Amino acid sequence: MHPQAPAHPVLKAIAGWPRWAHGLGAAFAGAFSATGFAPTETVAAPIVGVAALLLLLAARPNGFLTGFLFGWAHFGVGLTWIATAFTYQAAMPPVMGWVAVVGLAAFLALYPAAAAYAARRLTAQIVPLALLFAGLFMLTEMLRGILFGGFPWNPLGAPWLQLPGVAALAAFVGSIGLSGLIILSAGGLAALLAGRGQAARWALVAVFPLLLGVQAFPRPAPTPVSGPTLLLVQPNIRQSEKQAPGGIQRSIEQLIALTGQGFAAHPQAAAAIWPEAAIEYPLEDDADLRRAVSEFLPPKALLLSGGVALERDAGGQVTGARNSLYALDSSGAILARFDKARLVPGGEFLPLRWLAEPLGLSRVVPGSLDFLPGPGPQTLHLPGLPPLGPAICYEIIFPGEVVDAADRPGWIITISNDAWFGPTGPPQHHAQARLRAIEEGLPVVRVTPTGITSLIGPRGAVVQQLPAHKAAVLAVALPAPLPSTVFARLGLAAPGLLALLLVALGLLVHRKKT
């Protein structure tokens, strides 16, 4: 069943386009909507892009292809940073990075294509189409973060971060709910251009002005400082420098020197935090190394650092590695270790190795030893620090999966190595850390080797931040967390319920129009 497009002049004109122009329009709309993501961060871009997509869907019944072309361009523009990562390895030619971008974007495009197909099968009327597409898109965006290991990078609602009052709604419906609000706002624009009917049309048109009204509400005061001082250490070691001969040792020396300067200026600091994989030697096996990297600490201070742990079988043979966060005291003793659970396919492990290696494919990260996953979200209780929830790099992009709900921490620490990802990857990654702060109502401390290193408040605002590509230490005082949010209590059930409500409304409006 493919309902016929309504006889609106705008839709009749679009329906008269040749197929190539229709497809090109969908791709252009997808590419333009992606400019809403960091670093450009234009809030209007996804609203205009999705409005164009809705008009194209209403004009013709080929919803799957239209949604696919939109998604392919949308994800392709947003994921160009992946190609940069391939320039730091020698196992495959750099051009494979662009193959990865195109291939991954095509795979991810299947999700909006499915939502567009289902919505267009049910109706061609702009208002119910927008409601149905918003709800179905939210459901497919949830699936994008779950199926095949998940890859929820760049949720469509991320540009709302430019409007903090609207972004605050993520505390109730999460970043996926914000994506639905983008589509409803786009539906209002499409209904204004080519809608029919009265009440339902104007209700949809009113969505964006209402959101601007929410944005106009007075913002709550920042939460008071309640935690200790932390030193966020950004060594400004580029990936090419670290991979050069002696680069790892020079990186550690730079981190030690900067941290010593930080404690000299802030002797009361409770901990220094180093980036992901700052120490690429197995710390459990080397007591001398542990003492060397912690001997500059004041007596009660801690070092929280990214590192690598090795797993061995009963015979002592190394069977795998773990991407870990270590907590060391001033004697070099390991107080705690958190192992990353969400591993990057093609980066930390090679999927289908038996097939990939004969085809000449390899991991982007050097080495043939795959990393092993950890147990998932945990809360670490360390002396002198509020309970903390670690998330290493990739893990921070998964809504509802960064905090142990049974043992809620007072803050989130996320360490990353964004030196791999060029100029667009780090700000997009940082935006998702801000979304997790809003969803959980917790401050987030983020540390990377080249930027973006920052303190994010529990409402998602950037409290302090180091400039990118600058070697420096940022001393921050932890703000107090907020009470547990609706999203923190319900998780993905919150946007899931909103999505089902929008689908039900779309079906109801469609029935009344037919």
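The values are calculated or read from the model by the stated rules, or taken from the named source; none is laboratory data. These numbers come from a predicted model, not from an experiment. A quick note on method: Cβ atoms are made from the backbone with ideal geometry, for glycine too, and the neighbour counts reach across all protein chains shown.
Key figures for this structure:
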| item | result |
| --- | --- |
| Tabulated pairs, region 374-389, first at negative phi and in contact (Cβ under 8 Å) with a residue 12 or more places away in the chain, second hydroxyl-bearing (S, T, Y) and not in a strand (DSSP E or B), C-beta under 9 angstrom, 6+ apart or interchain | P387/T379; L388/T379; G389/T379 |
| Scope region 445-465; condition among the hydrophobic types (A, V, I, L, M, F, W, C) and in contact (Cβ under 8 Å) with a residue 40 or more places away in the chain; matching residues | V445, V447, L455, A461, V463 |
| Long-range neighbours under 7 Å by Cβ, at least six apart or interchain, first residue closer than 21 Å to I47 by Cβ within region 146-173, second part of a helix (DSSP H, G or I) and modelled with pLDDT under 95 | L163/Q215; G165/V214; G165/Q215; V166/L211; V166/V214; V166/Q215 |
| Options L435, L490: the member that is touching a residue at least 24 places away in the same chain (Cβ under 8 Å) and of a type in the set (A, V, I, L, M, F, W, C) | L435 |
| Given (1) in the same structural domain as L231 (by TED's automatic domain parsing); (2) under 22 Å from the mean Cα position of the chain (by Cα); (3) in contact (Cβ under 8 Å) with a residue 60 or more places away in the chain, index of the condition P495 fails | (1) |
| Selection from region 308-337 of residues that are closer than 30 Å to A100 by Cα and modelled with pLDDT of 95 or more | S324, L325 |
| Residues of region 396-431 that turn out to be surrounded by 24 or more Cβ atoms within 10 Å (Cβ to Cβ) and acidic (D, E), as a count | 1 |
| Failed condition for A115, given (1) surrounded by 21 or more Cβ atoms within 10 Å (Cβ to Cβ); (2) more than 25 Å from the chain's Cα centre (by Cα); (3) under 17 Å from G506 (Cα atoms) | (2) |
| Region 253-297 - residue that is aliphatic (A, V, I, L, M) and under 28 Å from the mean Cα position of the chain (by Cα) and, of those, surrounded by the most Cβ atoms within 10 Å (Cβ to Cβ) | A272 |
| Matching residues, region 35-51, being part of a helix (DSSP H, G or I) and surrounded by fewer than 23 Cβ atoms within 10 Å (Cβ to Cβ) | T35, A44, A45, V48 |
| Breaking point among (1) within 30 Å of L132 (Cβ to Cβ); (2) part of a helix (DSSP H, G or I); (3) among the small types (G, A, S), for G460 | (2) |
| Helices (runs of 4 or more DSSP H) contained entirely in region 76-194, each with at least 1 residues that are among the polar types (S, T, N, Q) and touching a Lys or Arg at 6+ places or on another chain (Cβ under 9 Å) | 170-194 |
| Selection from region 214-252 of residues that are loosely packed, with under 14 Cβ neighbours inside 10 Å and in a loop (DSSP other than H, G, I, E, B) | A216, F217, P218, R219, P220, A221, P222, P224, A244, P245, G246 |
| Evaluation of A468 against (1) assigned by TED's automatic domain parsing to the domain that holds A271; (2) part of a helix (DSSP H, G or I); (3) of a type in the set (A, V, I, L, M, F, W, C); (4) free of Cβ contacts under 8 Å to residues at least 60 places away in the same chain (one fails), failing number | (2) |
| Selection within region 269-296 - more than 22 Å from E241 (Cβ to Cβ), in a loop (DSSP other than H, G, I, E, B) and modelled with pLDDT of 95 or more | A269, A270 |
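Residues checked against (1) more than 25 Å from T485 (Cα to Cα); (2) assigned to a loop (DSSP other than H, G, I, E, B); (3) modelled with pLDDT of 95 or more:
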{"position": "R342", "(1), (2), (3)": "no, yes, no"}
{"position": "E357", "(1), (2), (3)": "yes, no, no"}
{"position": "L385", "(1), (2), (3)": "no, yes, yes"}
{"position": "P390", "(1), (2), (3)": "no, no, yes"}
{"position": "I396", "(1), (2), (3)": "no, no, yes"}
{"position": "A419", "(1), (2), (3)": "yes, no, no"}
{"position": "G422", "(1), (2), (3)": "yes, yes, no"}
{"position": "A437", "(1), (2), (3)": "no, no, yes"}
